[in-house]
1. Is it the case that Phe231 is touching a residue at least 24 places away in the same chain (Cβ under 8 Å), within 18 Å of Leu10 (Cβ to Cβ) and assigned by TED's automatic domain parsing to the domain that holds Gly12?
2. Within the range 198-231, track down each residue that is more than 29 Å from Ile59 (Cβ to Cβ) and modelled with pLDDT of 80 or more.
3. Going residue by residue through the range 87-110, is there one that turns out to be at pLDDT below 90, buried (at least 22 other Cβ atoms within 10 Å of the Cβ) and touching a helix residue (DSSP H, G or I) at 6+ places or on another chain (Cβ under 6 Å)?
4. Determine whether Ala178 is buried (at least 24 other Cβ atoms within 10 Å of the Cβ), modelled with pLDDT of 85 or more and under 18 Å from the mean Cα position of the chain (by Cα).
5. Those residues that are in contact with an Asp or Glu (Cβ under 8 Å, 6 or more places away or on another chain) and within 29 Å of His38 (Cα to Cα), I need them from the range 67-114; list them, please.
6. Consider only pairs whose beta carbons are under 9 Å apart and that are at least six residues apart or on different chains; among these, list those whose first residue lies in the range 45-65 and is surrounded by fewer than 21 Cβ atoms within 10 Å (Cβ to Cβ) and whose second residue is of a type in the set (Phe, Trp, Tyr) and assigned to a helix (DSSP H, G or I).
7. Out of (1) modelled with pLDDT of 85 or more; (2) exposed (fewer than 14 other Cβ atoms within 10 Å of the Cβ), the odd one out for Gly136 is which?
8. Being buried (at least 24 other Cβ atoms within 10 Å of the Cβ), in contact with a helix residue (DSSP H, G or I) (Cβ under 9 Å, 6 or more places away or on another chain) and of a type in the set (Ser, Thr, Tyr), is that true of even one residue in the range 28-38?
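The values are calculated or read from the model by the stated rules, or taken from the named source; none is laboratory data. This one's a predicted model, so the numbers in the text were calculated from it and none came from an experiment. Ideal geometry is used to build each Cβ from the backbone, glycine not excepted, and the neighbour counts take in all protein chains shown.
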Amino acid sequence: MALSAVSGLLVGFSLGLIGGGGSILAIPLLIYFVGFDHPHLAIGTTALAVGITAYINVIPHFLDKHVYLKEGAVFSLPGIVGALIGSDLGLLTPGKKLLFIFAILMLVIAAYMLRRKCVNVAAEPNIKGSMLKVAGMGFLVGLMSGYFGIGGGFLIVPGLIISGGLNIIEAVGTSLIAVGTFGVTTAARYAISGEVNVLVAALYVVGGILGGWGGAKLAGRMPKRRLTQVFAVIIIVVALYMLYVNASAFRRPLASRAPLAGTNRTAARPIRTNNNYQVETSVSRSAFGHLSTC
């Protein structure tokens, strides 16, 4: 249980330090550090922890008037449908295959973090907002969030900027509504299947709050761009390890390729005896003890 709190501390610290994408290590930590041997249980548990943490963290943003409730609701409501569909698909996907695909997503996120440039947080985007675009983007992001059990903040923030016309600081604050909603929705669906550990999720939340506070304090003293690059490299290393460990999920087991015991998979062949043709098969020889005559 202590390892769960430590994992939450690390995830919260990375979130406070670099922002979007920081929670991507929550699932690998729970599986490979804490020792959860069931991928779906890890996904459902981290989804609950990320969702609750996001709802808590939206409070200071709301007090600073960086949260747009209308855009947040329009983005989140269609996303609930997407998250439910995505979580159903995730539960149907075998655990090792799901982790392999998740590792590919980690590489994509790491590449995004390496390419991301520092921006003026107060700059107004030259994009006209559209509630229809906001709803459509919310559904798509909710679908991915539900499938992988992640908050999806790295997708929600640019989604709100593109579809809602918010600047980045407004998008970050508003995105927490969606992150919390998608996380709790995904966790609820996984809980129905018994794939959520509430105690571990609570420890993750406590560790995440403390770690987030520490990371935010340190972030102002260190070059954020360099920190993001270092964290992206860590994500790449973890993702490559996950690809290696879970690659066997896409290999055919040897048993399925080996011939069945006591049978000969060679095609039936004609045998000439005097003036007659006979067909020899492994079935007729083993089951009936004689040759079948054509």
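1. For Phe231, the condition - touching a residue at least 24 places away in the same chain (Cβ under 8 Å), within 18 Å of Leu10 (Cβ to Cβ) and assigned by TED's automatic domain parsing to the domain that holds Gly12 - is met.
2. Gln229, Val230
3. yes
4. Yes.
5. Passing the criteria: only Leu91.
6. Short answer, once both residue conditions are applied: Ile52/Tyr204.
7. It fails just one condition, (2).
8. no
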